[in-house]
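The values are calculated or read from the model by the stated rules, or taken from the named source; none is laboratory data. A quick note: this is a predicted structure, and the numbers were derived from the prediction, not measured. We work out accessible area using only protein heavy atoms, side chains counted, and drop any ligands, DNA or RNA first. Shrake-Rupley method; radii C 1.70, N 1.55, O 1.52, S 1.80 Å.
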Amino acid sequence: MSEVRTAICPGTFDPITCGHLDIIERAAALFDRVIVLVAADSGKSAMFTPEERRELARAAVAHLGNVEVDGFDGLLVEYARRADAAAVVKGLRSIDDFDRERQMAMMNRRMLPEVDTVLLVTSPHVQYISSSLVRQIWALGGDVGEFVPGPVADALRRKRRQLQQG
Ligand code: PNS
């Protein structure tokens, strides 16, 4: 394993939220290098394209010197193996997250034992935030500015203007 301890923060990030950023910032303090890994196929009703989601993630983590953004559309463990990652870091907001994350962590560890999953409990002030609720509130005309990083809020305002004009 390399001297540089690399962690991967994978997700759909459609869009990246203040909850994601909380986990990424804490991972950046724990590891030498963090890769925010944007899954191409969200499997949900996507708001942003994979390219847009990567760009927004890049803008949101621009203040973090040891964090980079990449995309993938394969198996997470294959990417982790290629990146020589030490860990996958994800956030836990609730017992529902725990159930889902526990299963994925066990499956991933079974496939690639040398990469462990680190689950960080999301900070209380952002624990209620989810990308799907942000998408829903935005689609119904609500203001999501306080739930997402500045560049995402700007992109959502632009998207709204485009919809209103077209
Ligand atoms: O933002 P999400 O929806 O919680 O992200 C889920 C994601 C993309 C991290 C998860 O679905 C994933 O790891 N997908 C990659 C494909 C894969 O490796 N699947 C097996 C997981 S055990």
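The largest-to-smallest principal axis extents of the Cα set in segment 123-166 are 39, 19, 12 Å.
Between Asp32 and Arg157, the contour length at 0.36 nm per residue exceeds the alpha carbon distance by 41.6 nm. A straight chain from Asp41 to Gln127 at 0.36 nm per residue would run longer than the Cα-Cα distance by 28.5 nm. Applied to segment 80-88, the Karplus parametrisation 6.51 cos²θ - 1.76 cosθ + 1.60 on θ = phi - 60° returns per-residue 3J(HN,Hα) values of 4, 5, 5, 7, 6, 6, 8, 7, 10 Hz, with x for Gly and Pro. Can you compute log10 of I(q)/I(0) for segment 1-69 with the Debye formula, treating each Cα as one identical point scatterer, at q = 0.11, 0.12, 0.17 Å⁻¹? Here log10 of I(q) over I(0) equals -0.25, -0.29, -0.57. Highest GNM mean-square fluctuation among Gly150, Gly91, Gly141, for the chain modelled with Cα contacts below 10 Å: Gly141.
For the chain, the relative contact order works out to 29 percent when only alpha carbon pairs closer than 8 Å and six or more residues apart are counted. Please give the Cα centre distance for segment 120-152 versus segment 21-80, rounded to the nearest Å. For segment 120-152 versus segment 21-80, the Cα centre distance is 17 Å.
Of all the options Leu140, Leu76, Leu156, the one that moves most in a Gaussian network model of the chain with Cα springs shorter than 10 angstrom is Leu140. Averaging 1/r across all pairs of distinct Cα atoms in segment 38-110 and inverting the result yields a Kirkwood radius of 14.1 Å. Element breakdown for the chain at a 1.4 angstrom probe: carbon and sulfur atoms account for 51% of the accessible area.
The long axis of helix 50-60 is offset from the longest Cα principal axis of the chain by roughly 90 degrees. Taken over the alpha carbons of the chain as equal point scatterers, the Debye sum produces base-10 log I(q)/I(0) values at 0.10, 0.15, 0.19 Å⁻¹ of -0.36, -0.81, -1.28.
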